[in-house]
Each structure stands twice: as C-alpha cells, then as structure tokens.
Ligand SMILES: Cc1cc2nc3c(=O)[nH]c(=O)nc-3n(C[C@H](O)[C@H](O)[C@H](O)COP(=O)(O)OP(=O)(O)OC[C@H]3O[C@@H](n4cnc5c(N)ncnc54)[C@H](O)[C@@H]3O)c2cc1C
C-alpha cells in the first residue's frame with residue numbers, strides 16, 4: 001500500500017469531504033480527529049445546491065436528497081404579519097435548499113468513505129512540527145502516538161484550529177457581544193413547514209426552521225425567544241438547548257507552504273445564510289481539485305488554494321456579516337428601513353435572486369481544476 005500523501009486534521013464535514021474528494025481524484029489521504037466520537041448535536045441544518053452539485057459524483061447527494069426535506073423559501077414576519085416571502089424554486093436547475101441535520105450529513109460522508117475503505121482515526125490529535133521543501137512533519141498524539149511526514153496537510157480542525165495558531169496566522173474580524181440562544185424542540189404552530197421563518201422585533205430577530213413535522217430549530221439574538229413566538233404556538237421540552245456567540249472572521253492566509261486551512265479553521269460567520277458547513281465542503285472540493293492536478297507541485301497547488309479561496313472567504317463573510325447586521329439590528333432607523341424595504345423584495349426579481357444566490361452558495365463561481 002502506498003503511503004498517504006495528505007494528512008487531514010479534523011473529521012467534521014470539511015475534513016470528511018476532503019478525504020472523499022481526494023480519494024475520488026486518486027490521492028491517498030489519512031484522516032484523524034481528536035474527538036473519540038462525532039458531535040451528537042446538529043449545528044448546520046441546511047445543505048445548499050452548491051454542495052449537492054459538488055457531491056453529486058460521490059453518491060452522497062442522492063442519499064442527502066432521499067433523507068432530507070426540501071424547503072421552498074424564506075418568509076419574513078413582523079408584528080404577526082408576513083412582510084415578504086422569497087421563493088427558492090427557480091434558484092437552481094436541479095436542487096433546492098435541503099434540510100438535513102449536520103449529524104446525518106457527516107454520517108453519510110463517513111459511510112461513503114467506509115465504502116472506499118477509508119476509516120477516520122479517532123482520538124488522534126494532529127499538530128504541526130515543521131515543514132520544509134520536502135515535506136510537512138506532523139505529530140500525532142492519541143491512540144497512535146508518533147510523527148510522520150506528508151506532502152501536505154489539510155487542516156479542517158475547526159474554529160479554534162491548532163494549525164492556524166501554530167502557524168501564527170491571524171483570524172481577523174469581530175464578534176457580537178450577545179449570546180445567541182438555540183433550541184431544538186417540538187412546536188405546535190400554524191407556521192408552514194415548507195419555509196424558513198425570520199421574525200423581526202424592535203430588539204432583534206428569531207429564526208425558525210422545521211427539522212421535520214414536529215421538531216423546530218429556534219435561534220435568536222435575543223434572550224428568551226420562546227416567550228416571543230407567534231400567538232397560538234405551543235412549545236414543549238427542548239431536546240437540545242444551547243447558546244453560542246457569533247463572530248465574523250477570516251484567516252489572514254488559508255495556506256502556508258504545505259499546510260492549508262479549510263472550513264471553520266479558515267472562516268467563521270453567523271448561521272444566517274446557512275453557509276458555514278457548505279463553504280467548508282466547497283473548500284474541501286477546491287483543495288482536492290488543485291492538489292490532484294497532474295504535475296502540480298504541492299506548494300504551488302496550496303498557493304493557488306490560498307489565492308482563490310481567500311478571496312471567496314472574504315466575500316462570503318462580508319456578505320453574511322452585512323445581512324446579519326441588518327437582521328439583528330435594534331437601531332430604529334434600520335428597523336424602519338427593513339419594514340419599508342422587505343415587502344418590495346418579492347417584487348424585485350434581481351434583488352430576490354441575489355439573496356437566494358447567497359443562501360444557495362451560488363454567489364461566486366464553483367472551483368474548477
Ligand atoms: C447554530 C449553528 C447553526 C449552523 N447552521 C448551519 C447551516 O444551516 N448550514 C451550514 O452550512 N453551516 C451551519 N453552521 C456552521 C457549521 O456548523 C460549521 O461551519 C461546520 O461545522 C464547520 O465544519 P468543519 O468541519 O470546518 O469544523 P468542525 O465541524 O468544527 O470540525 C472540526 C473537527 O476537528 C477536530 N479537531 C480539532 N482539533 C484537532 C486536531 N488538532 N487534530 C485532529 N482533529 C482536530 C474536532 O474534534 C472536530 O471534529 C451552523 C453553526 C451553528 C453554530
């Protein structure tokens with residue numbers, strides 16, 4: 001058996017997708033994760049058309065579509081009234097917005113890897129020892145302690161990336177001060193299941209999305225959002241309750257020599273727009289395409305990865321930040337602007353297409369070899 005030429009640190013959606021895309025292109029990779037088990041709770045809930053396109057040749061798309069639920073668009077509400085509805089039907093020739101828990105998306109990627117005889121090595125923390133013209137040396141701590149050399153590392157080790165810190169790459173950006181509560185819980189409601197819902201209040205917003213006929217995800221930037229649900233909505237005991245902080249940050253570089261950063265290691269932003277996991281899977285696809293170009297030297301492939309992905313990351317995070325700031329703002333002037341402008345969105349095809357293309361991950365060209 002030939003030695004793997006790429007070490008993938010992290011088996012979240014980004015790392016799993018990288019292992020799959022590399023294997024399909026004939027590059028042998030080893031994938032390790034410091035956690036003993038995959039995360040039990042789902043952060044991402046929406047798989048977007050760009051991801052379904054990228055995974056179409058792997059068999060995962062078919063399974064995501066079979067398990068997932070398609071939603072038709074987004075409704076915006078204020079004071080108990082629908083301000084606007086943006087329909088997603090025409091967004092993409094084949095795919096729509098597919099609701100599927102991140103936990104299931106990761107499980108389907110893992111099964112596709114197992115079918116190719118690729119196993120995630122769990123309980124193994126990877127760390128960078130150093131790199132030179134010949135290789136990058138990686139320390140592996142855990143079940144299999146040791147040090148190995150690889151042609152390249154794809155660091156998909158999450159927002160607190162060890163590799164980003166070891167390489168002293170800045171993570172520029174800003175955070176919102178308020179905690180964002182999150183609930184997955186049964187709701188009895190008249191809100192329709194086929195749309196995501198955004199409700200505006202003078203002090204912030206609530207986002208609601210049905211995971212299935214019974215369970216809804218509720219996210220807000222206000223404390224106690226369950227007390228502000230529409231009249232007649234009855235909530236039961238949450239199956240998951242958490243809270244998180246929202247930051248908008250982009251790594252100052254997403255590759256140095258033989259080490260590339262992908263997914264949350266390279267960019268974080270608010271869940272508004274449902275882009276994080278999807279953008280990470282696109283990073284994985286780009287990395288595999290550039291690395292597998294016949295005759296390309298690893299360092300040149302990674303320099304290209306930095307050049308092209310860094311521009312994409314900055315653009316996406318900027319757009320998501322702008323939309324999130326508009327949605328969460330309690331500034332009365334912004335609230336008035338939102339109230340006046342939103343009803344026009346559905347009558348302005350150019351603007352609603354722009355919003356949809358952002359949510360669908362189609363606001364920039366797909367990576368190509
Ligand atoms: C509330 C919420 C809702 C969201 N909704 C959406 C959505 O609808 N759509 C969407 O696309 N995104 C969404 N996101 C974002 C999405 O969850 C993340 O962007 C995604 O999980 C990033 O994947 P990743 O693989 O890059 O990182 P992670 O999922 O964080 O995985 C990193 C992995 O690396 C491992 N690791 C860490 N350090 C090391 C090391 N040194 N060596 C080995 N392994 C290591 C960790 O154990 C972990 O398994 C949401 C996020 C939140 C918080």
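The values are calculated or read from the model by the stated rules, or taken from the named source; none is laboratory data. Quick caveat: nothing in here was measured; it's all calculated off a predicted structure. Don't worry about glycine lacking a Cβ; one is built from the backbone with ideal geometry, like all the others, and counts go over all protein chains shown.
Assess whether residue 294 counts as being within 21 Å of residue 39 (Cα to Cα), surrounded by fewer than 20 Cβ atoms within 10 Å (Cβ to Cβ) and either touching a helix residue (DSSP H, G or I) at 6+ places or on another chain (Cβ under 9 Å) or free of Cβ contacts under 8 Å to residues at least 40 places away in the same chain (or both).
Here the answer is no, as residue 294 does not meet what is asked.
Taking region 234-251 on its own, how many of its residues are more than 10 Å from the ligand (Cβ to nearest atom) and touching a strand residue (DSSP E or B) at 6+ places or on another chain (Cβ under 6 Å)? It would help to see each step written out before you state the result.
Restricting attention to region 234-251, the residues satisfying the condition of being more than 10 Å from the ligand (Cβ to nearest atom) are 234-241, 247-251.
Applying the additional criterion that residues be touching a strand residue (DSSP E or B) at 6+ places or on another chain (Cβ under 6 Å) yields 234-236, 238-241, 247-251.
Final tally of qualifying residues: 12.
Filter region 230-250 down to the residues that are buried (at least 18 other Cβ atoms within 10 Å of the Cβ) and either in contact with a helix residue (DSSP H, G or I) (Cβ under 6 Å, 6 or more places away or on another chain) or more than 20 Å from residue 324 (Cα to Cα) (or both) and list them by number. Break it down stepwise before answering.
Pass one, region 230-250, residues buried (at least 18 other Cβ atoms within 10 Å of the Cβ): 246, 248-250.
Within region 230-250, 248, 250 qualify.
Check residue 44 against each of (1) in a loop (DSSP other than H, G, I, E, B); (2) more than 15 Å from the chain's Cα centre (by Cα) and name the one condition it does not meet.
Among (1) in a loop (DSSP other than H, G, I, E, B); (2) more than 15 Å from the chain's Cα centre (by Cα), the lone unmet condition for residue 44 is (2).
Since residue 107 meets every condition but one in (1) within 16 Å of residue 277 (Cα to Cα); (2) not in a helix (DSSP H, G or I), which condition does it not meet?
Answer for residue 107: the failing condition is (2).
Suppose we keep only residues that are assigned to a strand (DSSP E or B) and without any contact (Cβ under 8 Å) to a residue 24 or more places away in the chain within region 121-133. Which one would you say is nearest to residue 11 (Cα to Cα)?
129
Applying the selection to region 17-37, what residues are surrounded by fewer than 18 Cβ atoms within 10 Å (Cβ to Cβ), part of a loop (DSSP other than H, G, I, E, B) and more than 7 Å from the ligand (Cβ to nearest atom)? Walk me through it before giving the result.
Initial filter on region 17-37 (surrounded by fewer than 18 Cβ atoms within 10 Å (Cβ to Cβ)): 24-26, 28, 35-37.
When the remaining residues are screened for being part of a loop (DSSP other than H, G, I, E, B), the result is 25-26, 28, 35-37.
Hits for region 17-37 are 25, 26, 28, 36, 37.
I'd like the full set of residues that are free of Cβ contacts under 8 Å to residues at least 40 places away in the same chain and closer than 25 Å to residue 105 by Cβ, limited to region 208-230.
Answer for region 208-230, where residues must be free of Cβ contacts under 8 Å to residues at least 40 places away in the same chain and closer than 25 Å to residue 105 by Cβ: 208, 213, 214, 215, 216, 218.
Can you find a residue in region 279-290 that is part of a strand (DSSP E or B), at pLDDT 95 or above and either surrounded by 15 or more Cβ atoms within 10 Å (Cβ to Cβ) or in contact with a helix residue (DSSP H, G or I) (Cβ under 9 Å, 6 or more places away or on another chain) (or both)?
no
Please enumerate the residues belonging to region 93-113 that are away from the ligand (no atom under 16 Å from the Cβ) and at pLDDT below 95.
Scanning region 93-113 gives 93, 94.
Can you pull out every residue in region 314-345 that is crowded, with 18+ Cβ neighbours inside 10 Å, under 30 Å from residue 263 (Cβ atoms) and touching a strand residue (DSSP E or B) at 6+ places or on another chain (Cβ under 6 Å)?
317, 321, 327, 328
Is there a residue in region 139-147 that is touching a strand residue (DSSP E or B) at 6+ places or on another chain (Cβ under 9 Å) and more than 29 Å from residue 37 (Cβ to Cβ)?
No - not one qualifying residue is present in region 139-147.
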